[in-house]
1. From the residues in the stretch 65-98 that are of a type outside the set (A, V, I, L, M, F, W, C) and outside any helix (DSSP H, G or I), which one is modelled with the highest pLDDT?
2. Which pairs turn up if I take residues in the stretch 45-66 that are within 30 Å of E96 (Cα to Cα) and touching a residue at least 12 places away in the same chain (Cβ under 8 Å) and look for partners that are among the acidic types (D, E) and part of a helix (DSSP H, G or I) with beta carbon separation below 6 Å, at least 6 apart in sequence or on another chain?
3. Sort through A40, A55 and tell me the only one that's of a type in the set (G, A, S), within 21 Å of the chain's Cα centre (by Cα) and under 27 Å from R12 (Cβ atoms).
4. Of the residues G20, G51, G62, which single one is touching a Pro at 6+ places or on another chain (Cβ under 6 Å), surrounded by 14 or more Cβ atoms within 10 Å (Cβ to Cβ) and either at pLDDT 65 or above or not hydrophobic (A, V, I, L, M, F, W, C) (or both)?
5. Pull out all pairs, ordered by first then second residue, where Cβ-Cβ is under 6 Å, the residues are six or more apart or on different chains, the first lies in the stretch 69-93 and is on the phi > 0 side of the Ramachandran plot, and the second is in a helix (DSSP H, G or I) and not basic (K, R).
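The values are calculated or read from the model by the stated rules, or taken from the named source; none is laboratory data. In this text the structure is predicted, and so the values were computed from the model without any measurement. Here Cβ is always computed from backbone atoms with ideal geometry, including for glycine, and neighbour counts include all displayed protein chains.
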Amino acid sequence: MVKRHREGKPHRTRADYERGLPDYHDPTGGFGGAAPTYSALTLRAVLAAFGLVFAVGAAWIGFANAFPLLGWSMVVLAAIALVDLGWVLYRKWRGEPG
């Protein structure tokens, strides 16, 4: 298998992810002498889990009380929260700090 490198982008190793990527998803990182930021994956995982539990509960309440629009809206939000939680947990499993 041939490894492909993107032009102008450094190749990331597992050690880079374990150490953390400075200014990751932070467009203002480094302005005004601010220290580089690192991703807060644990906080994001907790918030996604809370959103998942809340959306499932709200969907159940919506369907139980004959509010199908609320129920289906919460099912969609629960699916989004589940995908987000899965992605965050994958990033933590990959070794990113946070």
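1. Let us first name the residues in the stretch 65-98 that are of a type outside the set (A, V, I, L, M, F, W, C), namely 65, 68, 71, 73, 84, 86, 90-92, 94-98.
Next, from what is left, pick out any that are outside any helix (DSSP H, G or I): 65, 95-98.
On the way: N65: 96, G95: 80, E96: 77, P97: 75, G98: 71.
The selected residue is N65.
2. Between residues of the stretch 45-66 that are within 30 Å of E96 (Cα to Cα) and touching a residue at least 12 places away in the same chain (Cβ under 8 Å) and residues that are among the acidic types (D, E) and part of a helix (DSSP H, G or I), the close pairs are A48/D84.
3. One residue alone meets the criteria, A40.
4. Sole residue among the options that is touching a Pro at 6+ places or on another chain (Cβ under 6 Å), surrounded by 14 or more Cβ atoms within 10 Å (Cβ to Cβ) and either at pLDDT 65 or above or not hydrophobic (A, V, I, L, M, F, W, C) (or both): G20.
5. Between residues of the stretch 69-93 that are on the phi > 0 side of the Ramachandran plot and residues that are in a helix (DSSP H, G or I) and not basic (K, R), there is no close pair.
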